[in-house]
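These notes are about the structure you will find just below.
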Amino acid sequence: MTTSTDSSLTKRIIPCLDVDGGRVVKGVKFVDIRDAGDPVEIARRYDAAGADEITFLDITASAHERETMVQVVEQVAGEVFMPLTVGGGIRSTADVRRMLNAGADKVGINTAAILEPDLVKRAADRFGAQCIVVAVDAKRVSGADDPPRWEVFTHGGRRPTGLDAVEWAARMSAYGAGEILLTSMDRDGTREGFDLALTRAVADAVPVPVIASGGVGNLQHLVDGVLQGHADAVLAASIFHFGEHTVAEAKDYMAVRGVPVRRPWEAT
Amino acid sequence: MGTIAVIDYGMGNLRSVAKALEHVDDRLRVEITHEPERILGADRVVFPGQGAIGVCMSELQRLELRDVVLEVARSKPFLGICLGLQALLEFSDENSGVAGLGLLPGRVRHFSEGFRAAGVAPPGKVPLMGWVPVRQVAEHPLWAGIPDGQWFYFVHSYYVELLEGVTVGTSRYGLEFTAAAARENIFATQFHPEKSQRAGLELLANFTRWDGTR
């Protein structure tokens, strides 16, 4: 698709936090943070730092602790006035409604969309496509010399579904997903950068925005995700959480390399 | 001071806007409500909205809120947000064509249709989702203290065309569209002030102090 450059829409930087039982895990190491596990305080920090959105991923294993996540969302939404996405453990339109009522702007659906694709349709019809994000966890399944092909995986990349990742993302957007959160399970946690071929294949195949995820290890990876991967937004965890880079540094770096970014209105 | 009614007609995340209003002034009484007496009795009214316009209009009808909205939009400081802007127009192309409340002149169109009509290539994906600068093309008390060109958060596939004498803020996405419109006691935004960090909170604070005049 040819695109004009006549837009002032900026590319988004989205820090992602894993939450287990109401606490942020995998450590956030800001200088002088009082409680590195408190989702509200961390969200407040990212808000002040100029993040464009924030994503919480509920990795709680037990269903009875899911209610904790609703409380986390309520608390965060009461104090931080920026777009908030919540994913993990969403199984029904009732779950979607609960998170939206708690103050989430968007809700991520992953495994449940695979088990029951119509859930995405129903949720988008009921609540609007703008708040339904379908998370796609993809892994390359073709050999090194073959044309690239990626498949959708569940269970943290352990279980194949047989679904072609590009086709799946296109189908989900046709079902009403307003956005695709695309994670390369090959790259996740490696710090080697996004799977750019995967990102581009999906971004070029779907009409809705794509968030690239999985593998960010430095600021150039963010630039590559946008310019080479054609992503509309980039999601990262460790490079921000461990204080290696601030969101402002990332934006400076991206701006110099031709990626339009938002400069938040700083307190003077 | 005073009360603000946030009209609850089942369209989207009302908690965020209520929380943001409480955040900018903790003396305010903010009520999320669909009860006509409460809406008519409030000092100010917020008309939010997300989702599809067809459902929006039919829910207003079903809850017998259409006349209530028309009444308060003529008499009190009134803030429309997102679909709460689009519903004020005469007509929307969404859902095969839906008549709006007709409080503002003009029409709501799909971006793809707008790009085609203007002969421009799409500048990116639809829905437009993210932060776009807003140019303040007319003075208004709700812009007070907000630098021209500040970024606000948008999520939408349909847009309000430019309205002569009514558009007070514009943004650009392949084409120029209405980011904010105002007439008399009405101010309405395509963006979400409750999600736009400091600039959005400033606008909401201005609304809580606004007497409804220019």
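The values are calculated or read from the model by the stated rules, or taken from the named source; none is laboratory data. Computed from a prediction, not measured in an experiment: that's the story for all the values here. Heads up, the Cβs are rebuilt from the backbone with ideal geometry, glycines too, and the neighbour counts pull from every protein chain shown. The accessibility values were calculated without ligands, DNA or RNA, using every heavy atom of the protein model including side chains. Shrake-Rupley method; radii C 1.70, N 1.55, O 1.52, S 1.80 Å.
Could you run through region B:100-123 and say how many residues are open to solvent by 20 Å² or more (accessible area, probe 1.4 Å), among the hydrophobic types (A, V, I, L, M, F, W, C) and within 9 Å of another protein chain (Cβ to nearest Cβ)?
So the answer is 2.
What number goes with the only condition from (1) open to solvent by 20 Å² or more (accessible area, probe 1.4 Å); (2) touching a residue at least 60 places away in the same chain (Cβ under 8 Å); (3) farther than 22 Å from B:PRO123 by Cα that A:LEU181 does not pass?
So the condition that A:LEU181 fails would be (3).
When B:VAL155 is evaluated against the numbered criteria (1) within 14 Å of chain A (Cβ to nearest Cβ); (2) assigned to a helix (DSSP H, G or I), which criterion, by number, is the only one it fails?
(2)
Do you know which residues across region A:41-54 are open to solvent by 10 Å² or more (accessible area, probe 1.4 Å) and touching a residue at least 24 places away in the same chain (Cβ under 8 Å)? Walk me through how you get there before you give the answer.
If we filter region A:41-54 for residues that are open to solvent by 10 Å² or more (accessible area, probe 1.4 Å), which is where we start, we get A:41, A:44-45, A:47-49.
Selection gives A:ARG44, A:ASP47, A:ALA49.
Restricting to region B:14-47, name every residue that is part of a helix (DSSP H, G or I), open to solvent by 30 Å² or more (accessible area, probe 1.4 Å) and of a type in the set (A, V, I, L, M).
Correct list: B:VAL24, B:LEU40.
Counting only residues that are farther than 19 Å from B:TRP131 by Cα and more than 14 Å from chain B (Cβ to nearest Cβ), give me the helices (runs of 4 or more DSSP H) lying completely in region A:181-268 with at least 3 of them.
Details: elements: A:196-205, A:219-227, A:238-241, A:247-256.
Ranges flagged: A:196-205, A:219-227, A:238-241.
How many residues are surrounded by fewer than 21 Cβ atoms within 10 Å (Cβ to Cβ), under 18 Å from B:LEU104 (Cα atoms) and not acidic (Asp, Glu) when one looks only at region B:124-165?
6
List every residue pair whose Cβ atoms sit under 9 Å apart, with the two residues 6 or more apart in sequence or on different chains, where the first one lies in region A:234-247 and is over 9 Å from A:CYS16 (Cβ atoms) and the second, anywhere, is among the acidic types (Asp, Glu) and buried (at least 21 other Cβ atoms within 10 Å of the Cβ).
Final answer for the pair search is A:VAL247/A:ASP52.
What's the total number of residues in region B:132-142 that are touching a Phe, Trp or Tyr at 6+ places or on another chain (Cβ under 6 Å) and either more than 7 Å from every other protein chain (Cβ to nearest Cβ) or without any contact (Cβ under 8 Å) to a residue 40 or more places away in the chain (or both)?
From region B:132-142, those touching a Phe, Trp or Tyr at 6+ places or on another chain (Cβ under 6 Å) are B:132-134, B:136, B:141-142; that's our starting set.
After this cut, where a residue has to be either more than 7 Å from every other protein chain (Cβ to nearest Cβ) or without any contact (Cβ under 8 Å) to a residue 40 or more places away in the chain (or both) as well, the list is B:133-134, B:136, B:141-142.
So the count comes out to 5.
Looking for whichever is open to solvent by 40 Å² or more (accessible area, probe 1.4 Å), closer than 30 Å to A:GLU41 by Cβ, more than 13 Å from chain B (Cβ to nearest Cβ) and not basic (Lys, Arg) here; the options are A:GLY108, A:GLY87, A:GLY156. Which one fits? Before the answer, list the steps.
Numbers: A:GLY108 fails: open to solvent by 40 Å² or more (accessible area, probe 1.4 Å); A:GLY87 fails: open to solvent by 40 Å² or more (accessible area, probe 1.4 Å).
Exactly one residue qualifies, and that residue is A:GLY156.
Return the residues of region B:53-69 that are surrounded by fewer than 16 Cβ atoms within 10 Å (Cβ to Cβ) and acidic (Asp, Glu); say none if nothing qualifies.
The answer is B:GLU64, B:ASP67.
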